[in-house]
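The values are calculated or read from the model by the stated rules, or taken from the named source; none is laboratory data. Please read all numbers here as calculations on a predicted model, not as lab measurements. Don't worry about glycine lacking a Cβ; one is built from the backbone with ideal geometry, like all the others, and counts go over all protein chains shown. Heavy atoms of the whole protein, side chains included, go into the accessibility calculation; ligands, DNA and RNA do not. Shrake-Rupley method; radii C 1.70, N 1.55, O 1.52, S 1.80 Å.
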Amino acid sequence: MNVESFNLDHRLVAAPYVRVADTKQLPGGDVITKFDVRFTQPNAAHLEMDAVHSLEHLFAEHSRNHSDKVIDFSPMGCQTGFYLMMQGAPAFDEVAALIEVTLNDVLRADSVPAANEVQCGWGANHSLEAAQAAASGFLAERAGWDVVYA
């Protein structure tokens, strides 16, 4: 199939983890790498939408304080994780360090950026507490982020 994640056997992965999902070289020579940042075990658990939405806002805002390579941080429709798009082909350790420092920013946050009807399409659908709980759980498993399959 054309979509990389449709070719991944979701029964075999062991979340949480971080993995390279795709790397593209653009016609001009630039490289974009997409990382699968999986918070919960597919088909066994998921993040509630207010947590997903708030993590998306928090990570998008705070990650750019630590790296100018961040292109996008997008939620997966299955609500089990996110896709982190980055310029170039950064090493796993660089990406893991970025995720770690950014999620620590999430834990220290006192509000969700742009969680209002002017700056967000569903400004009422946020939960800082749920986002922080998800971030805390993901950080607690930091030592195993590089293990995709059990």
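In segment 87-123, what count of residues is obtained for those that are assigned to a helix (DSSP H, G or I) and touching an Asp or Glu at 6+ places or on another chain (Cβ under 8 Å)?
Applying the first criterion (assigned to a helix (DSSP H, G or I)) to segment 87-123 yields 92-108.
So of that shortlist, the ones also touching an Asp or Glu at 6+ places or on another chain (Cβ under 8 Å) come out as 92, 96.
Residues that pass the stated criteria total 2.
Return the residue satisfying two criteria in turn: it lies in segment 39-51 and is without any contact (Cβ under 8 Å) to a residue 60 or more places away in the chain and more than 19 Å from Arg142 (Cα to Cα), and of such residues it is least open to solvent (accessible area, probe 1.4 Å). I'd like the intermediate steps shown before the answer.
First, the residues of segment 39-51 that are without any contact (Cβ under 8 Å) to a residue 60 or more places away in the chain: 40-46.
From the residues that got through so far, the ones that are more than 19 Å from Arg142 (Cα to Cα) too are 43-44.
Details: Asn43: 148, Ala44: 84 Å².
Only one residue fits best here, namely Ala44.
Starting from segment 54-71, take each residue that is over 12 Å from Val106 (Cβ atoms) and list its partners that are small (Gly, Ala, Ser) and in a helix (DSSP H, G or I), counting only C-beta distances under 6 angstrom and pairs at least six apart or across chains.
Val70/Ser63
How many residues are over 16 Å from the mean Cα position of the chain (by Cα) and touching a residue at least 12 places away in the same chain (Cβ under 8 Å) if we restrict to segment 93-111?
Going through segment 93-111, the residues over 16 Å from the mean Cα position of the chain (by Cα) turn out to be 108-111.
Next cut, touching a residue at least 12 places away in the same chain (Cβ under 8 Å) only: 109-111.
Counting residues in segment 93-111 that are over 16 Å from the mean Cα position of the chain (by Cα) and touching a residue at least 12 places away in the same chain (Cβ under 8 Å) gives 3.
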